[in-house]
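Below: the structure, in structure tokens.
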Amino acid sequence: PNPWGLYDVHGNVWEWCWDWYEAYPSSSKTDYRGPASGTSRVVRGGSWFSMAGFCRSAFRSVSLPGGRSGDLGFRLVRKL
């Protein structure tokens, strides 16, 4: 598992993230969250339909909150 106790499933579907999208700041950040509001959300991890270089959590893209696609989803997490 990763530091948050989750197992990676990169390449399954693009994963919706809570973060609103904006370009990364010029200064170094850890666990960057983005702005408090916006028009587009961050998606990460690539999908079964993506090139191999996109299938990693460090790669991010952007999608409108109402966007739909056969390779876009989310991860359910339950705290035990």
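Return the residues of region 35-48 that are surrounded by 13 or more Cβ atoms within 10 Å (Cβ to Cβ) and either over 14 Å from the mean Cα position of the chain (by Cα) or among the hydroxyl-bearing types (Ser, Thr, Tyr) (or both); say none if nothing qualifies. Spell out the reasoning first.
Of the residues in region 35-48, the ones surrounded by 13 or more Cβ atoms within 10 Å (Cβ to Cβ) are 38, 40-47.
38, 40, 47 - these are the residues of region 35-48 that are surrounded by 13 or more Cβ atoms within 10 Å (Cβ to Cβ) and either over 14 Å from the mean Cα position of the chain (by Cα) or among the hydroxyl-bearing types (Ser, Thr, Tyr) (or both).
Of the residues contained in region 51-64, none is found to be closer than 18 Å to residue 75 by Cα and in contact (Cβ under 8 Å) with a residue 60 or more places away in the chain. Picking from residues in region 56-80 that are open to solvent by less than 40 Å² (accessible area, probe 1.4 Å) and assigned to a loop (DSSP other than H, G, I, E, B), the one that is nearest to residue 6 (Cα to Cα) is 71.
Which condition breaks for residue 43 when tested against (1) part of a loop (DSSP other than H, G, I, E, B); (2) in contact with a Ser or Thr (Cβ under 9 Å, 6 or more places away or on another chain); (3) modelled with pLDDT of 90 or more? Here residue 43 meets the rest and fails (1).
Count of region 46-55 residues, restricted to those that are assigned to a loop (DSSP other than H, G, I, E, B) and out of contact with any strand residue (DSSP E or B) (no Cβ under 6 Å at 6 or more places or on another chain), is 6. So which residues in region 11-26 are open to solvent by 60 Å² or more (accessible area, probe 1.4 Å) and in a loop (DSSP other than H, G, I, E, B)? Result: 12, 21, 22, 23, 24, 26.
The values are calculated or read from the model by the stated rules, or taken from the named source; none is laboratory data. Bear in mind that the values here come from a model prediction, so they are computed numbers and not experimental data. Note that each Cβ is placed from the backbone with ideal geometry, even for glycine, and that neighbours are counted across all protein chains shown. Note: areas computed on protein heavy atoms with side chains; ligands, DNA, RNA excluded. Shrake-Rupley method; radii C 1.70, N 1.55, O 1.52, S 1.80 Å.
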